[in-house]
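Participant: Input: one structure, supplied below.
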Amino acid sequence: MTSRFPRFPRRTLPALALGASLALLAGCTGSGATGRTGSRPPLDDLVAVGTAPALRALYGQRIDWRPCPDDEDGGQDGATIECATLTVPLDYTDPGGRTVAVALARLPAADPQARIGALLVNPGGPGNSGVTMVRADWKSYQGLHERFDLVGFDPRGAGDTTPVHCLDDRTRDRWNATDDPAYDHGRVLADACVASHADLPHIGTRDAARDLDVLRGALGERKLDFLGLSYGTHLGALYAEEFPGRTGRLVLDGAVEHGTDAVQLDVEQAVAGETAFRDFAASCATDDGADCPLGADPDAAPGRLADFLDGLSNRPLRASDGRTVTAALGWTAVLNVLYDGHRSWYRLVDALGPAVRKRDADALLGLADGATGRGENGRYATVADAYAAISCADLPAPDAAQLKAGLADLAVQAPLTSRHNPLTTLLAPDCRPWPYRSTELQHVIRAPGSAPILVVGSTEDPVTPYPWAQRLAAGLEHGVLLTREGDGHTAYDKSGCVRAAIAAFLVDGRMPAAGTHCPSD
């Protein structure tokens, strides 16, 4: 997806060790083997006519749900969460060839008598773990889990599904921190990934959408009900394009659209990030008084913050663990916190105060580590490598003319946040040296024949700008746009009005009226 998504995901999600999947006895019932009618539909109702026999057999597999390995003594917070794997083809043109084990987690519906079916969820990234979304964050979706089994899966390259881990931890430290313009980020990462992962040609979102349909069939669901956040909206939209007749109730929150030139999308994201950056700095100067390290002039504060961060190239901060905070790490820390909107601005004030006034780097470095997936032990989660691998598998690299135009636009529209490294701002990740490319062209996703799809956008989203949601909803043949007024990335966790509208649609099929706007909490 290139830089239409955060350079580093908002949240680091730990990988899980899952047990092997075994076949259940034919005719087994329970929530994993039932459709909306309460019994598992015949295979002919779950798979398209003419499907290759090898692939048809995978649609008919039975998922062996068992307590997650580290939850055998009662689960998390009173929830009995189950884990399993799903077998899918590595290459869908050769469904009888090599296979991939997709990691799964399920929280059965809290009210089995009122159960609707399975709701599949994706937290975005690309590269974040749907397994962890269910295991760690299920309480955030309690209004849905009363009626649905919540089912999370790790897309290819993420979590425990053929995880992509290319750079060793010491190399990743240098890769994240370098301000050296001669350091070839894209080439270093691409070469390392090619050397260590043979599955890269089959790690893109189109294959993940096909995996999603096999999972739907294996769960015994005639239609797919799906909640996708951020990059998950792209996965859901591609699913609707690929399998329009199998769409049930799809919600796409923090929408990404696929019909605009990729470099233009990168510029639009950078402009949204610059707006959030300026809003934070001006608010700090206006509202935080003596606590704000950027002075008391809201007009000057954004420039002062950008100057401080850029200045770390020549005068990096030294942290107590011996590492240094460079401009690259400083910018990563600040922009990542801004993804969450004004409710997290206090974290930046608390970290910038010591950094600006005392050259104390620890708090700012902690924010950067949270963004890059670096644990306290110095080990990195695989999410950053997965992000690059999936992004670069999905889109063609820009040509020289597109880059020149994009860089010119950045200089005018996002002069502060792009000044340190314009090319990295525009290409995050830099996919030009990536060897495996999608042959797809950018195109409007229309999904004719799909069920109605709910698209959710936030007016001041700094990661997936609001116009993307508008364009995605307008392009879909049956798209309806729900708008949240406010900042921060995605809407579900920031508005009770949005949560109620999504629940009404998913549970009862009541689509909000076109043009509905929701306030933030």
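The values are calculated or read from the model by the stated rules, or taken from the named source; none is laboratory data. Since this is a predicted model, take the numbers as computed values, not measurements. FYI the Cβ positions are ideal-geometry reconstructions off the backbone, even for glycines, and counts take in every protein chain you see. Ligands, DNA and RNA are excluded from the accessible area calculation, which covers all protein heavy atoms including side chains. Shrake-Rupley method; radii C 1.70, N 1.55, O 1.52, S 1.80 Å.
Participant: At a 1.4 Å probe radius, carbon and sulfur cover how many percent of the accessible area of the range 41-169?
Facilitator: The C+S portion of the solvent-accessible surface of the range 41-169 is 48 percent.
Participant: Express in whole angstrom the spacing between the alpha-carbon centres of the range 205-224 and the range 311-330.
Facilitator: 45
Participant: Helix 205-218 versus the longest principal axis of the chain: what angle, 0 to 90°, nearest 10, using Cα atoms?
Facilitator: 30
Participant: If packing is taken as the mean number of other Cβ atoms within 10 Å per residue, what is the order of 175-188, 324-337, highest first?
Facilitator: Final packing ranking: 324-337, 175-188.
Participant: Testing the spin-label approximation: label points 7 Å from Cα along Cα→Cβ at A411 and A114. State their distance in nm.
Facilitator: Placing both labels 7 Å along Cα→Cβ, they lie 6.0 nm apart.
Participant: Now for a separate question. If packing is taken as the average number of other Cβ atoms within 10 Å across a peptide's residues, how do 398-406, 373-381, 222-230, 237-245 rank, most packed first?
Facilitator: Ranking, from highest mean packing down: 222-230, 237-245, 373-381, 398-406.
Participant: Of the peptides 493-503, 105-115, how do they stack up when ordered by the mean number of other Cβ atoms within 10 Å, highest first? Please report the intermediate quantities before stating the final value.
Facilitator: Numbers: 493-503: 19.9, 105-115: 17.6.
Going by the mean number of other Cβ atoms within 10 Å, highest first, we get 493-503, 105-115.
Participant: Among all the lysines, which ones have a C-alpha under 16 Å from K494's C-alpha, if same-chain residues fewer than 8 places away are not counted?
Facilitator: By straight Cα distance, K494 reaches K139.
Participant: Next question. Using the alpha-carbon centroid of each, what span in Å lies between the range 412-486 and the range 129-165?
Facilitator: Cα centres, the range 412-486 to the range 129-165: 23 Å.
Participant: To two decimal places, what compactness ratio does the range 373-521 give when its Cα radius of gyration is scaled by 2.2 N^0.38 Å? Don't jump to the answer; show the numbers that get you there.
Facilitator: Numbers: Rg = 18.7 Å, N = 149, 2.2 N^0.38 = 14.7 Å.
The range 373-521 yields a ratio of 1.27.
Participant: I need the per residue convex hull volume for the range 188-262, using only the alpha carbons, in cubic angstrom as a whole number.
Facilitator: Numbers: hull volume 8.8 nm³, N = 75.
Per-residue hull volume (Cα only) is 117 Å³.
Participant: So how far apart, in nm, are the two label points at T87 and T516 if each is 7 Å from Cα heading toward Cβ?
Facilitator: Between T87 and T516, the simple spin-label model gives 4.3 nm.
Participant: Would you kindly derive the ³J(HN,Hα) couplings of the range 502-511 from the backbone phi angles with the Karplus curve 6.51 cos²θ - 1.76 cosθ + 1.60 (θ = phi - 60°), listing them in order in whole Hz, with x for Gly and Pro?
Facilitator: Taking θ as phi minus 60°, the curve returns 5, 5, 4, 6, 5, 7, 10, x, 8, 6 Hz for the range 502-511.
Participant: Further question on the same structure: Using r as the Cβ-Cβ distance of A195 and R170, and R0 as 25 Å, what FRET efficiency do you calculate, to the nearest 0.05?
Facilitator: 0.90
Participant: Among L235, V383, C292, flag the residue with its Cα farthest along the positive direction of the charge dipole of the chain, charges on Cβ as +1 for Lys/Arg and -1 for Asp/Glu.
Facilitator: L235
Participant: Under 18 Å from a point 7 Å along the Cα-to-Cβ line of A401: which residues of the range 412-443 have their amide N that close?
Facilitator: Only 441-442 fall inside the zone, counting backbone N under 18 Å.
Participant: Could you state the accessible area per residue of the chain in Å², with a 1.4 Å probe and every protein chain left in place? Spell out each step's value before the answer.
Facilitator: Values: 19700 Å² over 521 residues.
Value for the chain: 38 Å² per residue.
Participant: A follow-up question, please. Separation between the D288 and E485 pseudo-spin-labels, each 7 Å from Cα along Cα→Cβ, expressed in nm?
Facilitator: Modelled inter-label distance: 2.7 nm.
Participant: Working only with C-alpha atoms, what are the Rg and Dmax values of the chain, expressed in angstrom?
Facilitator: In Å, with Rg to one decimal and Dmax whole: 22.6, 70.
Participant: Rounded to whole Hz and in sequence order, give me ³J(HN,Hα) for the range 313-328 from the Karplus expression 6.51 cos²θ - 1.76 cosθ + 1.60, θ = phi - 60°, writing x for Gly and Pro.
Facilitator: Running phi through 6.51 cos²θ - 1.76 cosθ + 1.60 with θ = phi - 60° gives 4, 8, 10, x, 8, 9, 8, 5, 8, x, 7, 10, 9, 8, 4, 4 Hz.
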